[in-house]
Amino acid sequence: MRIIEGFESAKLVLSRRDSAQRALEVDDREQAVRQIIDEVRLKGDAALFEYTVQFDGVELSSLEVSKKQITDAYRKVNSELLTALKLAAKRIRAFHMKQKDSLLHENVEEGMGWLIRPLNRVGVHAPGFTAPLPSSLLMTVIPAKVAGVKEVILVTPPRSQGGVSPVTLVAADIAGVDRIFSVGGAQAVAALAFGTESIPSVDKVCGPGNIYVLLAKKLLYGVVGIDGLYGPSEVLIIADETANPAYCAADLLAQAEHDPLALAILITTSRSLADRVNQEVNEQLKNLEHQEIASKSLEDGGMIGVVASIAEAIELANLYAPEHLCLMVDEAASYTDRISNAGCIVLGEKSTVVLGDYVAGPSHVLPTGGTARFSSPLNVSDFIKLTNVVNVDEASLKKLGRAAQAIASAEGLEAHAKAIEKRLKE
């Protein structure tokens, strides 16, 4: 990994100017996604069957996964993994129940307030990739169910003629998914947005996917709600001289193996630690199954920055606004009040992003690409909507009416002013 000395040099690298520019560029693949969206809107199920053959090499007789297929899937998942999934689900549910109790309260008093209503139906996309991602499914579906969403629809591509991965089916069942459809990609997002003969339209689409899924969500926003537009995963570790270099290296590699575009960054106050972490990364990399992916990630997006103080490291972290921020420093908890921009803060060397990925409890669906400056992790509030309530009695009308009239008149809206005037005259 490259080592950069000094605050100003590290700041230049972490400014995200290149990523901001890329966000403004129109991707050539958008045209292909637009065509897929139009085909699904016009042809419904027929388009889904055609695209599943074209992209997944699977010819389906039915889009919906049957209850029997879900029951059979349990026999194909080993007991250790099943126990782990149930533990993860229990902790995720408990965290979001506590969040719901803390955040979601209706209030209507003194003529104004708000009502809370869960979304009626949510669609979740689970990608096919080379391995299933049951953790993302649990982390997305459970907050929706805790929020009170009436129906959760899962779309996920068949991995072969054998259908959807058994692990995905079991995780979906544990999470409380109501219906499952064997279709994925941009075409599945379009189906959730518009509805087809088989797949009902939803209020919001959530879940990860490849660039085509991301573009479909981007293009269909407004027709349907979306959870967000997520980029490559990223971690920034702040470490001092007390940090364990082997732990730092292991966490950097855990991030790097996600994707060649994943970003793994260490900011430290110790040049000695920087050198030891670099050495550990090279040693641990030799025994890694996804060595090629991790090496590419660290070569392109990996960095170790050496700065003068923890204060400088925190300033860089707030500038970068990482998805995951790990504090491997002495008395780590004492620094949390100084962190303003991060998707998730991981405290102390016994903690690791990996625990958060799977079983800690909070959703691992986090803002990426610097969007932690203005957005939050996926949570129960993503699956509810607020309805404002205005209830004006005669006393309040007398108190507020003239002010409303004055503003309406200033804006040149005569009918607005008269609507108030008629009530005041009575």
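Is one or more of the residues making up segment 75-96 touching a residue at least 12 places away in the same chain (Cβ under 8 Å) and touching an Asp or Glu at 6+ places or on another chain (Cβ under 9 Å)? The answer is no, given that none of the residues of segment 75-96 is touching a residue at least 12 places away in the same chain (Cβ under 8 Å) and touching an Asp or Glu at 6+ places or on another chain (Cβ under 9 Å).
Only one of the listed residues (VAL202, VAL281, VAL277, VAL223) is buried (at least 23 other Cβ atoms within 10 Å of the Cβ) and under 30 Å from LYS43 (Cα atoms). That residue is VAL202.
When segment 334-384 is filtered for residues that are of a type in the set (S, T, N, Q) and within 18 Å of ILE226 (Cα to Cα), the ones remaining, listed by number, are SER363, THR368, THR371, SER375, SER376, ASN379, SER381.
Contact map, segment 168-190: first residue under 14 Å from SER201 (Cβ atoms), second residue of a type in the set (Asp, Glu) and outside any helix (DSSP H, G or I), Cβ cut-off under 7 Å, separation 6 or more or different chains; pairs are ARG179/GLU64; PHE181/GLU64. Only one of the listed residues (ARG91, ARG22, ARG16, ARG75) is modelled with pLDDT of 95 or more and within 30 Å of THR371 (Cβ to Cβ). That residue is ARG91. Residues of segment 297-344 that are without any contact (Cβ under 8 Å) to a residue 24 or more places away in the chain and either assigned to a loop (DSSP other than H, G, I, E, B) or of a type in the set (Ser, Thr, Tyr) (or both): GLU331, SER334, THR336, SER340. Across segment 211-226, not a single residue is classified as touching a residue at least 40 places away in the same chain (Cβ under 8 Å), within 18 Å of LEU366 (Cβ to Cβ) and of a type in the set (Phe, Trp, Tyr). Of the candidates GLY225, GLY209, the single residue that is out of contact with any Cys (no Cβ under 6 Å at 6 or more places or on another chain), part of a strand (DSSP E or B) and under 19 Å from LEU378 (Cα atoms) is GLY225. Could you tell me whether LEU253 is more than 20 Å from MET139 (Cα to Cα), modelled with pLDDT of 95 or more and not assigned by TED's automatic domain parsing to the domain that holds GLY195? Yes: the conditions hold for LEU253. Inclusion of GLN187 among residues that are in contact with a helix residue (DSSP H, G or I) (Cβ under 9 Å, 6 or more places away or on another chain), assigned by TED's automatic domain parsing to the domain that holds LYS145 and among the polar types (S, T, N, Q) is warranted. Residues that are at pLDDT 95 or above, outside the structural domain of VAL122 (by TED's automatic domain parsing), in a loop (DSSP other than H, G, I, E, B) and in contact with a strand residue (DSSP E or B) (Cβ under 6 Å, 6 or more places away or on another chain): does segment 345-358 have at least one? Checked segment 345-358: no residue is at pLDDT 95 or above, outside the structural domain of VAL122 (by TED's automatic domain parsing), in a loop (DSSP other than H, G, I, E, B) and in contact with a strand residue (DSSP E or B) (Cβ under 6 Å, 6 or more places away or on another chain). Counting only residues that are in contact with a strand residue (DSSP E or B) (Cβ under 9 Å, 6 or more places away or on another chain) and either closer than 19 Å to PRO245 by Cα or surrounded by 22 or more Cβ atoms within 10 Å (Cβ to Cβ) (or both), segment 322-342 holds 10 of them. Of all residues in segment 157-164, one or more are touching a strand residue (DSSP E or B) at 6+ places or on another chain (Cβ under 8 Å) and farther than 23 Å from ASP101 by Cα.
Can we say LYS100 is basic (Lys, Arg), outside the structural domain of SER396 (by TED's automatic domain parsing), in contact with a Gly (Cβ under 8 Å, 6 or more places away or on another chain) and surrounded by 16 or more Cβ atoms within 10 Å (Cβ to Cβ)? No.
Taking strands (runs of 3 or more DSSP E) that do not extend beyond segment 38-149, which have at least 1 residues that are of a type in the set (Gly, Ala, Ser), under 27 Å from LEU386 (Cβ atoms) and touching a helix residue (DSSP H, G or I) at 6+ places or on another chain (Cβ under 6 Å)? Of the strands (runs of 3 or more DSSP E) lying wholly inside segment 38-149, those with at least 1 residues that are of a type in the set (Gly, Ala, Ser), under 27 Å from LEU386 (Cβ atoms) and touching a helix residue (DSSP H, G or I) at 6+ places or on another chain (Cβ under 6 Å) span 121-125. Across segment 150-160, a minimum of one residue is classified as surrounded by 19 or more Cβ atoms within 10 Å (Cβ to Cβ), under 24 Å from LEU386 (Cα atoms) and free of Cβ contacts under 8 Å to residues at least 60 places away in the same chain. Each residue in segment 370-418 was checked for being closer than 30 Å to ASN120 by Cβ and in contact (Cβ under 8 Å) with a residue 40 or more places away in the chain, and 18 pass.
The values are calculated or read from the model by the stated rules, or taken from the named source; none is laboratory data. Note that the structure is a prediction, hence the values are computed from the model and not measured. We place every Cβ from the backbone using ideal geometry, glycine too, and count neighbours over all the protein chains shown.
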